[in-house]
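Here the structure comes first, spelled out in structure tokens, and everything after it is commentary.
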Amino acid sequence: MTSTYPFEPTPQWTTINPRSFLPFRTRAGDLETHPLPSPPRNRLFNDNYAVTTHFVPAACPRLTPDIPLPVVPKLSTNSTERKQGIQQLVAKIVERQERFVQGGLGEERSEKPLWNCVNRYVKRVQDGRKGLTLFFAHANGFPKEIWETTLRYLLSSSTASLIDEVWSWEAVQHGDAALINESNLSGIFDWQDNARDIAHFLLHYLPEDASLQASLPAHLHPLLESISESRKTNGFSSRSLVTVGHSLRGCSLILAAVDFPALFPSIVLVDPVAIQPGSSLDLLRNTLAVTIGRRERWSSREEAWNLLRASPFFRAWHPDTLQLYVTYGLCEDSQGGVKLKMSGLHEALATVDRIAPNEAWELLEKVDERIELRWIVPGKAEDKGVMGEEATRVRVWRRPANSSNVVIHSAGHLIAQESPEELAQEISAFLERKYRLRSRAHL
């Protein structure tokens, strides 16, 4: 495919010696099942697709120890006092993360059970020919349903004829998964665990084919070990998988693809947070302070909608995507109002890691060249990608073979939230070019 940004060579850099992927073990047999925290989806998504909700065990053990959550300063009418308390908390979170990286925490890796939630959008009438399976992984701070505006455009287009099934995956501290895992989440997080969770799902739980229709249970069953082992080297026997990752989750797909290339025939990277080592932490600290200090509770979803859409940050969103955030990113609280399913503290803890983004940047050049990379990056005047336009121009060519890029000028970093129709069009164009020309029988 053609590219917006021409080739840009990578400047010299010093290796950070990326870590090896920590092996995981399956533990489905000793896990207690849970009911879904929100009413499960089990209905029509559009005229041709049905949507259901499921969950699976996350990877075990975790890279991180099980340590208590840091304490968020109580609300204060004194804004200066509140600001100082948040800044002190940010400093503590950053210092704790640095100690973890240097091996200074000392605790054993956590083996507390955690879960990932997934939504499945499956074609209601299968024609017997193997179509595409899409896998979507969200940006930090948003529920799995945040993709549904993009999906409505994509699955109502002519490209839908290529797509049998879509899986929208949710990280352990996000959305419904956050509610299930609330008592078992640690006070520290490593992005590589996120990559391991994705690989764990694709290896051990993604069903063999899309023809099972609505018969899948809420708790997906683990596959036979022989199937999982085969996938490591041969990929999927009955699927053509295309993965799409935004921001942090784009970084996760890069890390997972380095260790399990057979699982990733092609990857659409939506402005992934892969950052060249040595970048400043000043922006990170400011982001953490804003994240922790944001409002988390409202008297009703109506109040949340009205106040959010009035803010400059959310005003840039497509209104349908903001409605999804209010509907699926919030839940009822004990005081009769609504609150974010994912707290600002957990979003900050999931933001602070800077080792994995550096590892993803360095490891990009090691992604198997048989995996096609399609980069979709922002082009707003004030937001042209993570760390700015120059960094974006370098990033999209870190692995030049079998790669291409396109800029969406109507959006900043939150492309899926701000310009879901244009994003759907670009994903559609990629799928049409790569798969429409092939016979459906050979997908």
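The values are calculated or read from the model by the stated rules, or taken from the named source; none is laboratory data. These numbers come from a predicted model, not from an experiment. Every residue, glycine as well, gets a Cβ built from its backbone with ideal geometry; the counts of neighbours run over all protein chains shown.
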**Prompt:** If you take the residues in region 321-377 that are surrounded by fewer than 20 Cβ atoms within 10 Å (Cβ to Cβ) and in a strand (DSSP E or B), which one is farthest from the chain's Cα centre (by Cα)?
**Reply:** Glu332
**Request:** Output the residue which, of all residues in region 268-288 that are in contact with a Lys or Arg (Cβ under 8 Å, 6 or more places away or on another chain) and not in a loop (DSSP other than H, G, I, E, B), is surrounded by the fewest Cβ atoms within 10 Å (Cβ to Cβ).
**Result:** Leu284
**Complete:** Output for Cβ contacts, cut-off 7 Å, separation at least six or different chains, first residue basic (Lys, Arg) in region 138-151, second in a helix (DSSP H, G or I) and buried (at least 24 other Cβ atoms within 10 Å of the Cβ), reads Lys144/Gly175
**Message:** Please count how many residues of region 127-152 are at pLDDT below 95 and out of contact with any Leu (no Cβ under 8 Å at 6 or more places or on another chain).
**Reply:** 2
**Request:** Looking at (1) surrounded by fewer than 17 Cβ atoms within 10 Å (Cβ to Cβ); (2) closer than 27 Å to Arg294 by Cβ; (3) not hydrophobic (A, V, I, L, M, F, W, C), find the lone condition where Glu107 falls short.
**Result:** (2)
**Message:** As an exercise: evaluate Leu155 against (1) surrounded by fewer than 24 Cβ atoms within 10 Å (Cβ to Cβ); (2) closer than 17 Å to Thr52 by Cα; (3) touching a Leu at 6+ places or on another chain (Cβ under 6 Å) and give the number of the one condition it does not meet.
**Reply:** (3)
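Out of everything in region 32-87 that is assigned to a loop (DSSP other than H, G, I, E, B), farther than 30 Å from Ser215 by Cβ and among the aliphatic types (A, V, I, L, M), what residue ends up being farthest from the chain's Cα centre (by Cα)?
Pass one, region 32-87, residues assigned to a loop (DSSP other than H, G, I, E, B): 32-41, 45-48, 58-64, 66-78.
From what is left, the residues that are farther than 30 Å from Ser215 by Cβ are 61-64, 66-78.
Applying the additional criterion that residues be among the aliphatic types (A, V, I, L, M) yields 63, 67, 69, 71-72, 75.
Numbers: Leu63: 18, Ile67: 24, Leu69: 22, Val71: 26, Val72: 25, Leu75: 30 Å.
Among them, the one singled out is Leu75.
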**Message:** Residues that are crowded, with 21+ Cβ neighbours inside 10 Å, touching a residue at least 24 places away in the same chain (Cβ under 8 Å) and in contact with a helix residue (DSSP H, G or I) (Cβ under 8 Å, 6 or more places away or on another chain): does region 204-223 have at least one?
**Reply:** yes
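Could you say which residue among Val71, Val51 is of a type outside the set (Asp, Glu) and modelled with pLDDT under 90? Can you show your working first?
Values: Val51 fails: modelled with pLDDT under 90.
Residue meeting the stated conditions: Val71.
Taking the condition closer than 22 Å to Ala177 by Cβ, touching a strand residue (DSSP E or B) at 6+ places or on another chain (Cβ under 9 Å) and among the small types (Gly, Ala, Ser), does Gly344 pass?
On the way: closer than 22 Å to Ala177 by Cβ: yes; touching a strand residue (DSSP E or B) at 6+ places or on another chain (Cβ under 9 Å): no; among the small types (Gly, Ala, Ser): yes.
For Gly344, the condition - closer than 22 Å to Ala177 by Cβ, touching a strand residue (DSSP E or B) at 6+ places or on another chain (Cβ under 9 Å) and among the small types (Gly, Ala, Ser) - is not met.
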**Prompt:** Cβ-Cβ below 8 Å, separation at least six or inter-chain, first residue in region 288-302 and without any contact (Cβ under 8 Å) to a residue 40 or more places away in the chain, second part of a loop (DSSP other than H, G, I, E, B) and among the acidic types (Asp, Glu): which pairs?
**Reply:** none
**Asked** Quick one: Val172 ticks every box in (1) aliphatic (A, V, I, L, M); (2) touching an Asp or Glu at 6+ places or on another chain (Cβ under 9 Å); (3) in a helix (DSSP H, G or I); (4) closer than 30 Å to Gln97 by Cβ bar one, so which box is it?
**Response** (3)
**Boolean, Arg297 is in contact with a strand residue (DSSP E or B) (Cβ under 9 Å, 6 or more places away or on another chain) and of a type outside the set (A, V, I, L, M, F, W, C)** = yes
**Request:** For Thr291, state whether it is under 30 Å from Glu81 (Cβ atoms), surrounded by 17 or more Cβ atoms within 10 Å (Cβ to Cβ) and not hydrophobic (A, V, I, L, M, F, W, C).
**Result:** yes
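Select, from Ala310, Ala262, Ala256, the only residue that is modelled with pLDDT of 95 or more, among the hydrophobic types (A, V, I, L, M, F, W, C) and surrounded by 24 or more Cβ atoms within 10 Å (Cβ to Cβ).
Working: Ala310 fails: surrounded by 24 or more Cβ atoms within 10 Å (Cβ to Cβ); Ala262 fails: surrounded by 24 or more Cβ atoms within 10 Å (Cβ to Cβ).
The unique qualifying residue is Ala256.
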**Asked** Val125 versus (1) outside any helix (DSSP H, G or I); (2) under 22 Å from the mean Cα position of the chain (by Cα): which is the lone unmet condition?
**Response** (2)
**Request:** Taking Ser404 as the residue in question, decide whether it is at pLDDT 95 or above, hydroxyl-bearing (Ser, Thr, Tyr) and either buried (at least 21 other Cβ atoms within 10 Å of the Cβ) or in contact with a helix residue (DSSP H, G or I) (Cβ under 6 Å, 6 or more places away or on another chain) (or both).
**Result:** no
**Message:** Just to check your reading of the model, which residue among Arg96, Arg129, Arg62, Arg109 is more than 30 Å from Leu203 (Cα to Cα) and of a type in the set (Lys, Arg)?
**Reply:** Arg96
**Request:** Would you check which residues across region 214-261 are over 20 Å from the mean Cα position of the chain (by Cα), part of a helix (DSSP H, G or I) and either within 25 Å of Glu432 (Cα to Cα) or not basic (Lys, Arg) (or both) and list them?
**Result:** Ala214, Ser215, Glu225, Ser226, Ile227, Ser228, Glu229, Ser230, Thr233, Asn234
